[in-house]
Amino acid sequence: MSETVDLSHGATFEHGFPHEFFKKLRDERPIYWHEPTQYSPGGEGFWVISRYEDCVRAMRDPATFSSDKVPPRKGGGTSLFDEPYAGLAMNTADDPQHKRLRGLVSQGFTPRAIADMETDLRRRAKSILGKISNPECFEFMSEVARELPLQAICTILGVPEEDRVQLSDWIDHGLMVQSEGVISREYLLLIQDYGKKLIEQKRQNPANDILSAIIHARTDDPQEAPLTPLELVNFFLLLFPAGAETTRSAIGGAMLAFIENPDQLAKLRAHPELMPNAVEEIVRWTTPSIYKRRTATCDTEIAGGKVKAGQKLSYWEISANRDERMFKDPFKFDIARDPNPHVGFGTGIHICLGIALARMEIKIMFEEILARFQNFELLAPPLWMPNNRLHGVRELKLRMS
Ligand code: HEM
């Protein structure tokens, strides 16, 4: 490629996702070796996979493309940084450990428990919109988009109301700082420390929340150990970037897409029955969790190229979701798109655990926004998060009336 883009540098994403570069990759280099740069974790290069078919293949073959540590590496995981704690949270574990963790967590995270949150989330959504400081001129991401997802995760984790703003500030700051991990170390430690204390409290005094159910979860198999304190803290840590930041980006990115495509907004208003399709299109369009890394467990071939055992491979769901080979007019935001086989929630054994919750939050938020406001206007160009993993709108100045 004559023109290269540093995909390991957060600043590359400061002006939005480099779609043109990825279109070139999909057309000309479906497997592309990214040379290391000063920003590449471990000073290491990595493979880049960009076509839908190849991304799906990597996701559905965890035996070849591991989410955990692959010896002799001391770290692994799903971002380019070699996470030493890989294997302790379900998203960075392979089976059978992944199966055990997901099985235990799913005991608290039941479809019933999630459905039961709907009334509370709708009440919260109404209150968030009612509290906008000045609808004539305000920042949508901080006042609206981040709120409901954060409240949902805090409810799952039983975080007291008075601690919620502090926690979300740590997460926001952690994402803003350029660092090797998804959230910078300094803020990660603050959140981790808070999580440890909360887990200990709930171990002693179980409450009526999903975290308490997970802490006390056991399987029928007496050989299978309950979650250890470290595994619990890692679950706690996982949910903020995995569940809150992603949904916030989906809501913010959707707002921007509706303003830029007023015909689609009008269509949704006229046809509220299209909401489920609109939600899927929002996730395809925004793809808030834009890439994943895996580590090859053996020499293999993918996308017509050879990958060596131990090498890092990144696959880009946001590129898969814009692949012309799979989607008709992929750069059109079409709320009636059907079918819409996007991979915004992943696929295979690691498919998002929070799909039902994420869909519900996006649906509630836009139902309530449409019920309360008629007009939406962008007051300044959007600002984007300088982060290559959790990419999305950082600031959106709006007028809503
Ligand atoms: C629009 C919002 C969301 C998007 C785009 C999204 C996306 C994803 C993706 C792509 C994965 C696969 C990770 C991998 O293969 O390495 C994933 C996994 C996961 N997500 Fe989500 N997610 C969203 C919302 C949520 C919510 C609301 C929660 C929880 C409350 C959640 C919890 C998780 C967990 C625990 C995993 C790990 C599952 C496993 O490894 O088995 N996500 N998500």
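When Rg and Dmax are taken over the Cα atoms of the stretch 158-259, they come to 15.9, 55 Å.
Distance between the C-alpha centres of the stretch 368-395 and the stretch 252-289: 12 Å, rounded to the whole angstrom. Taking amide H as placed 1.01 Å from N in the peptide plane, the amide H of Ile302 sits under 5 Å from that of Val307, each at least 5 places away or on another chain. Based on alpha-carbon atoms, the Kirkwood radius and the radius of gyration of the stretch 270-377 give Rg/Rh equal to 1.08. For His34, the residues whose modelled amide H falls within less than 5 Å of its own, excluding neighbours fewer than 5 places apart on the same chain, are Phe46, Trp47, Val48. Per the Debye formula with a single identical scatterer at each Cα and no solvent contribution, what log10 I(q)/I(0) holds for the stretch 14-131 at q = 0.10, 0.21 Å⁻¹? Per q value, in the given order, log10 I(q)/I(0) is -0.53, -1.15. Comparing mean-square fluctuations of Thr247, Thr155, Thr228 from a GNM of the chain with C-alpha springs under 10 Å, the top value falls on Thr228.
Taking the Kirkwood radius as the inverse of the mean 1/r across Cα pairs, report the Rg/Rh of the stretch 123-184.
Numbers: Rg = 13.2 Å, Rh = 13.0 Å.
Using only Cα positions, Rg/Rh for the stretch 123-184 is 1.02.
Assuming R0 = 45 Å, what is the FRET efficiency of Ala309 and Arg203, from their Cβ-Cβ distance, to the nearest 0.05? List each step's numbers first, then the result.
Working: r = 41 Å, r/R0 = 0.90.
With R0 = 45 Å, the Cβ-Cβ based efficiency is 0.65.
If every alpha-carbon in the chain counts as one equal scatterer, what log10 I(q)/I(0) does Debye give at q = 0.07, 0.10, 0.14 1/Å? Log10 I(q)/I(0), no solvent term: -0.31, -0.66, -1.34.
Relative contact order, percent, of the stretch 39-163 when contacts are C-alpha pairs under 8 Å separated by at least 6 residues? Numbers along the way, then the final one.
Values: 83 pairs, mean separation 15.4, N = 125.
Result for the stretch 39-163 is 12 percent.
Counted by neighbouring Cβ atoms within 10 Å, the residues Ser67, Ser142 run from fewest to most as Ser142, Ser67. Determine which lysines satisfy two conditions relative to Lys24: a Cα distance under 30 Å, and not lying fewer than 8 residues away in the same chain. List returned: Lys292, Lys306, Lys308, Lys312, Lys328, Lys332. Using a cutoff of 8 angstrom between alpha carbon atoms and counting only pairs six or more residues apart, the relative contact order for the chain works out to 26 percent.
All of the numbers you see were taken from the coordinates with simple rules; none came from a lab. This one's a predicted model, so the numbers in the text were calculated from it and none came from an experiment. Positions of Cβ are generated from backbone atoms using ideal geometry, with glycine treated the same way; all protein chains shown enter the neighbour counts.
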